[in-house]
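The values are calculated or read from the model by the stated rules, or taken from the named source; none is laboratory data. Worth saying up front: this structure is predicted, and the values here are computed from it rather than measured. Here the Cβ is made from the backbone with ideal geometry for all residues, glycine too, and neighbour counts use every protein chain on show.
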């Protein structure tokens, strides 16, 4: 029972860093084992004692996640840029190198713009921070998979995935099990 409570609280939106610190220390061996099987330590660190827990309370957790739902409108890319700026600032990713935030904003802009232009469906932008990498995933309802094309210098558009290719550590497109597709990329911090 207690393992379910810890797992629920650790993944609840109100438990987002840095506002809320939820720490577990001095767990009985059986409780620690159950939490380990539920993979709770991936989201909620377990500490041997209170002093160790307090020492880690203000550090950024190794995993953070946030998501924004967007309509396929001309303002979606602007909303995505604002969302990424806010999240990167909140997660303290812009310090000391502001170019990280600029790159993150540009990547989100290009991925969301592609979804607006090509899919014409609801869009979900997810950001995940895993260690020193920022993961982007943009879901849309279109089953058509995108591919990289060489940009035409005369054309007004067509450079989105090329920019993603240049800025991201890796990127790709996958079909989503519930329909549609996910275009994703990873940015090194």
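Any chance you could count how many residues in the stretch 167-186 are in a loop (DSSP other than H, G, I, E, B) and under 16 Å from the mean Cα position of the chain (by Cα)? Residues meeting the conditions: 2. Among the residues making up the stretch 139-162, those that are surrounded by fewer than 19 Cβ atoms within 10 Å (Cβ to Cβ) and at pLDDT 90 or above are 141, 142, 143.
For (1) on the phi > 0 side of the Ramachandran plot; (2) touching a helix residue (DSSP H, G or I) at 6+ places or on another chain (Cβ under 7 Å); (3) part of a helix (DSSP H, G or I), each residue gets a yes or a no:
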{"position": "66", "(1), (2), (3)": "no, yes, no"}
{"position": "69", "(1), (2), (3)": "no, no, no"}
{"position": "74", "(1), (2), (3)": "no, no, no"}
{"position": "79", "(1), (2), (3)": "no, no, yes"}
{"position": "101", "(1), (2), (3)": "no, yes, yes"}
{"position": "108", "(1), (2), (3)": "no, yes, yes"}
{"position": "113", "(1), (2), (3)": "no, yes, yes"}
{"position": "128", "(1), (2), (3)": "no, no, no"}
